[in-house]
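Visitor: Please see the structure below; I have some questions.
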Amino acid sequence: MKGENRVAAPVANPYDARAVSPLSLSLTSGALASIASLSARADWSLINMPKGVSELSREIHDMHMIMLWICVVIAFFTFGAMIVAMVRFRKSKGAVADQKFLHNARLEAAWTIVPVMILIAMAIPSVEKLVKIEDTSGSGLTIKVTGHQWYWQYEYLGSGVSFYSRLARDSDIARQKGSGVDPATVENYLLDVDKPLVVPTGVKIRMLLTANDVIHAWWVPDFGMKRDAIPGFINEMWISVDADKPGTYRGQCAELCGADHGFMPIVVIAKPKAEFDAWLGQQKTAAPAALAATE
Amino acid sequence: MAHASHDDHAHGRPAGIVRWLTTTNHKDIGTMYLVFSLLMFLIGGAFAFVIRSELFQPGLQLVDPAFFNQMTTMHALVMVFGAVMPATVGLANWMIPMQIGAADMALPRMNLFSFWLLAFAFLLLLSTFLMPGGAPASGWTLYPPLVLQSGEAFPLAIFAIHLMGASSIMGAINVIVTIVNMRAPGMTLLKMPLFSWSWLITAYLLIAVMPVFAGAVTMLLTDYFFATSFFNAAGGGDPVLFQHVFWFFGHPEVYIMILPAFGIVSEIIPTFSRKPIFGYEAMVYAIASIAFLSFIVWAHHMFTVGMPLAGQLFFTLSTMLIAVPTGVKIFNWTATMWRGSVSFEPPMLFALAFLFLFTIGGFSGLMLAIVPADFQYHDTYFVVAHFHYVLVPGSVFGLMAAVYYWLPKWTGHMYDMRLAKWHFWLSAVFVNVLFFPQHFLGLAGMPRRIPDYAAQFADWNMVSSIGAFGFGLAQLLFVWLIIQCVRGGERATAGVWDWPHGLEWTVPSPAPYHTFGKSPEVH
Amino acid sequence: MSEAGGNRNRSIAVRLVLMAAGSFAFGFALVPLYDVFCEVTGIGTREQLSRAGSAAGQAPVADRTVVVEFTASVPSGDWEFEPVAATMEVQPGRLYEAHYRARNLSGRATTGQAVPSVAPARAAQYFVKTECFCFTPQHFAKDEEREMAVRFVVDRELPPGIDRLTLSYAFYNVGRS
């Protein structure tokens, strides 16, 4: 027998006791019940990726959901087989081992080939999305984002408008260790800045990412895209906001960049194009004064 | 080990501390690795306790952000290099010679040296907490340029890593030479137990990639001290180069951590199903395929650096492919139970929890492999959930299963089964309370490695922290149980379990200090 | 140890020493080997420069223009460094010249080094600089300000899907002159 070396006559195993003692099960379910009671004041609705505000972010969300459901279905069959095996063939109900059931070439082939086919099917939709993500042509605006320790700098290329965007003051005060301020009293705690990025809706926006010191990453979940900001190099990605979804969208730095990595959020206000143009015009005239003030 | 001291004096062998400093016996060295790894598990667990305590509620209550980053960094370094890897080495030392019918490892003195090198390396690494600036705080992944902002801890951490690497490489050489040269006559490779197989392959992975890690950290060292510019754009270098070199090591590294657990589960499930493993050869080929594939997937850790389209497609496909041999193993373990006679002693409980929960980690890994979706998952708690599922109810449960399986063989005593089952159920429930909500947090938008978070993440963080406290406390049962078992307990027979298989069960319990001085007969 | 055992050990020792020496020599041999590798595969700035000559000799593409954006970063903060023109509309195949203005704010004579980067990354190999202030360190006297030029050609073979690309420089202090 392969990999075998048998010992003389097996002895009845006195330790084959019942696996689950009622006491342990009731105690752990008690613990779970007390956790569940937290639901009285909780926001449990946040368990999934946002659909986001662009066609791309919606496509990414849908792709995520498809993958998730495929995994759930596979899990159903896999875990189902495990549970059936454990229940139907348990010794305590008198099952006797079939020493001949040791290999089956057809079964091995099946559970090798079928997964390969499922995987290829899962990978194909991502090709088309990747090509779309890589295609930055047809953009209507370029914004250069520079990551610093620990704030962001935004520049609207070709307009002379450039400013820094830092964690908002009330969040910054509350987040200090032992501040005595309850974060629940701060609106948009840790997700608010002093000067947000403003973008037009309905426009494909090319984002150029770089950094001044260490690697950062720029991420707004609602836009569906994340990319690293690497010092000395320029990375590129594009985002867009549907024309019918003006609003405020929040994100965070997504690459460990030192002590205050958790305290350099991103806030983007999307305005209809005309309002955006007006805003940008205002910034241009105020630009020299603004730059001086933020430096 | 009270009865061992008789042998000590009788054979002129030293007792007390000198014994542990000079022993070249594979059982003693295995014990030292296991005790060391248990200690490191508790230390790494303490760091996790600090992390989850701070994350229990929004706001910074306990630690400064810089210290928090030291905690996350050291938690990972200690768990990966101090707990999981040494535990697998300890099991290799104890069990490989006994499984293949050899008297000891091929290179016993190098074996001892490997252990003490590791212990010294960790002394260095942990001492960085006492230095100005504290321990390394750039994440266990040590990305430049951030890691080059480290203070005085930096050279010590790099040196510790070099020593750990050397220790692992020597241990791997020992395993390969032992298995290739010292199997009992009649034990062909395709008759060798699967735990030994898993370690044979793991050893090749170690030898291939530990030097790469050494190269990467040496380049960090020269950038830091000798004005080289490997990772510095100003001098013509690129921080992303480090990521490539690191992950070329880093991905096989995670397989180094899981393959021995696969081997352990392949020993335990047959024993408690009372029939041999289903598809033995398929299992060997599956492990070898996983090891091979692990070399060509590294950039899936780097999808957001700005990678060309062709690269993204290649790494997505190669990463998804690893699911195939892994799935083969999961199906074969299930088929081993099928038409078997299954009982649920503690080793089997942990092995079955492994089967279920590692598979969940595998599913989240599959999702992470798909690039456009990964742009939303990368650097969030979704990743943290994934790797903790494969490492904790994966590797760590596998290691605990191994301890419950072989402890009677090592000590000669049965342990308290009731306590072991309590340990199991508390661990299995709390590990899920701890890590499952982290999937939600990542999907909802919470990044990794942050000490404080926005209000919408508060609830699941609180649940996760409660899970952490419960899981951590449950491990104290494990420690207590091991100590009690070493000191005494019901006598164990040679076979211990109802349906033992393998040469290790042919020798008495506790295993004599020297076993298989004369090669056994293998049919 | 037996005679035969001692001989075996010696032969293994000799082979190990030879392997170690060989590996060490391989490290040195890598320098010329890298040159050969870059030549054969076409990767690397050296190859880019030799292609620059041939790219400049092409006929410009008549029916296509690409917008080239220029941008700058100064990580250390003690330079003023910016492009003179923010964008330029170019025909692939034609040679153009762009300017950057730099001023030394460090308070002493110093040297700067510009490190270029092109986005999108897949356009980088088609953006060929025939002359660039980024090729060499730039020495500046205290408070000196001057314009520096970069001459470039966008290769005719630029893939069709790219209508806009960005040339970025990070200007670093590389020491006193």
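The values are calculated or read from the model by the stated rules, or taken from the named source; none is laboratory data. Not measured: the values here are computed from a predicted model. We place every Cβ from the backbone using ideal geometry, glycine too, and count neighbours over all the protein chains shown. What goes into the accessible areas is simple: the full protein's heavy atoms, side chains included, and nothing from ligands, DNA or RNA. Shrake-Rupley method; radii C 1.70, N 1.55, O 1.52, S 1.80 Å.
Visitor: Students often get this wrong, so check it: of A:100/B:191; B:27/B:329; A:93/B:329, which have C-alpha atoms separated by over 25 Å?
Guide: B:27/B:329; A:93/B:329
Visitor: If I model a spin label at residue B:309 and residue B:24 as a point 7 Å from the Cα along the Cα→Cβ vector, what separation in nanometres do I get?
Guide: About 6.1 nm, to one decimal.
Visitor: Given the peptides B:75-88, B:205-218, arrange them by the average over their residues of other C-beta atoms within 10 Å, most packed first.
Guide: B:75-88, B:205-218
Visitor: In the range C:71-170, which GluC sites (Glu not before Pro) are in a loop and have at most 16 other Cβ atoms within 10 Å, using DSSP for the loop call?
Guide: C:144, C:157
Visitor: Taking each residue of A:83-92 in turn, how many C-beta atoms of other protein chains fall within 10 Å of its C-beta, and what is the average?
Guide: 6
Visitor: As a check on your grasp of the helix formula, calculate [θ] at 222 nm for chain C: sum -39500 (n - 2.57) over DSSP H runs of n ≥ 4, divide by the residue count, round to the nearest 500.
Guide: -10000 deg cm²/dmol
Visitor: Next up: Given Cβ point charges of +1 (Lys, Arg) and -1 (Asp, Glu) and nothing else, what value in debye, to the nearest 20, does the dipole of the range B:182-335 about its Cα centre take?
Guide: Here the range B:182-335 has a charge dipole of around 620 debye.
Visitor: A further question follows. Are there any GluC sites (Glu not before Pro) in the range B:453-523 that are in a DSSP loop and have at most 15 other Cβ atoms within 10 Å? List them by number.
Guide: The qualifying sites are B:490, B:521.
Visitor: Something else about it: Lysines near residue A:144 by alpha-carbon distance under 29 Å, same-chain residues fewer than 8 away left out - which ones?
Guide: Candidates past the 8-residue exclusion: A:51, A:129, A:132, A:195, A:204, A:226, A:245, A:271, A:273, A:284, C:129.
Visitor: Using Cα atoms only, what is the angle between the long axis of helix C:3-41 and the major principal axis of chain C, expressed in degrees (0 to 90) to the nearest 10?
Guide: Rounded to the nearest ten degrees, it is 20.
Visitor: Further, regarding this structure: Which percent, nearest 5, of DSSP beta bridges in chain C are antiparallel?
Guide: Antiparallel bridges: around 85 percent, rounded to the nearest 5.
Visitor: If you count only protein heavy atoms with a 1.4 Å probe, what accessible area per residue comes out for the range B:378-523, rounded to a whole Å²?
Guide: Using a 1.4 Å probe on heavy atoms only, each residue of the range B:378-523 averages 31 Å².
Visitor: Mean Kyte-Doolittle of at least 1.6 and a Cα length of 24 Å or more along the axis: which whole DSSP H helices of chain B meet both?
Guide: B:153-181, B:346-369
Visitor: Counting only protein heavy atoms, what percent of the accessible surface of the protein assembly as shown is carbon or sulfur at a 1.4 Å probe?
Guide: 65
Visitor: Students often get this wrong: which residues of the range B:149-189 have the backbone nitrogen under 17 Å from the point 7 angstrom along Cα-to-C-beta of residue B:103?
Guide: B:178-179, B:181-185
Visitor: Moving on to the next point. Assuming R0 = 30 Å, can you tell me the calculated FRET efficiency for the pair residue B:507 and residue C:9, based on Cβ-Cβ distance, to the nearest 0.05?
Guide: My answer for the efficiency is 0.35.
Visitor: Roughly how big is the A-B contact, given as buried accessible area in Å² (both sides, 1.4 Å probe, nearest 100)?
Guide: Accessible area lost upon association: around 10500 Å².
Visitor: So what's the angle, to the nearest 10 degrees on a 0 to 90 scale, between helix C:45-56 and the longest Cα principal axis of chain C?
Guide: 40
Visitor: Could you run the numbers on buried accessible area between C and A, total for both chains, 1.4 angstrom probe, in Å² to the nearest 100?
Guide: 1400
Visitor: Now for a different question. May I ask you to compute the full-extension gain from residue C:136 to residue C:111, defined as 0.36 nm times their residue separation minus their alpha-carbon distance, rounded to one decimal in nm?
Guide: Stretched out fully, the residue C:136 to residue C:111 stretch lengthens by 8.0 nm.
Visitor: Turning to a different aspect of this structure: Taking the simple approach of a point 7 Å from Cα along Cα-to-Cβ for both residue B:15 and residue A:204, what is their distance in nm?
Guide: It works out to 8.2 nm between the two label points.
Visitor: Related question: Provide the percentage of antiparallel DSSP beta bridges, counting only those with both residues in the protein assembly as shown; round to the nearest 5.
Guide: 75
Visitor: What FRET efficiency do you get for residue B:484 and residue C:16 if R0 is 56 Å and r is their Cβ-Cβ distance, rounded to the nearest 0.05?
Guide: Between residue B:484 and residue C:16 the formula returns 0.70.
Visitor: For residue A:279 and residue A:69, compute 0.36 nm times the residue count separating them, minus their Cα-Cα distance, and round to one decimal in nm.
Guide: Separation in residues times 0.36 nm, less the Cα-Cα distance, equals 71.2 nm.
Visitor: For the pair residue C:143 and residue B:225, what calculated FRET efficiency results from E = 1/(1 + (r/R0)^6), where r is the Cβ-Cβ distance and R0 = 45 Å, to the nearest 0.05?
Guide: Efficiency computed from Cβ-Cβ geometry: 0.85.
Visitor: Something else now. Taking every residue in B:425-434, how many Cβ atoms of other protein chains lie within 10 Å of its Cβ, on average?
Guide: For this peptide, the per-residue mean of nearby foreign Cβ atoms is 3.
Visitor: Within a 10 angstrom radius of each residue's Cβ in B:140-146, how many Cβ atoms of other chains show up on average? Whole number is fine.
Guide: Across the residues of B:140-146, the mean count of other-chain Cβ atoms within 10 Å is 4.
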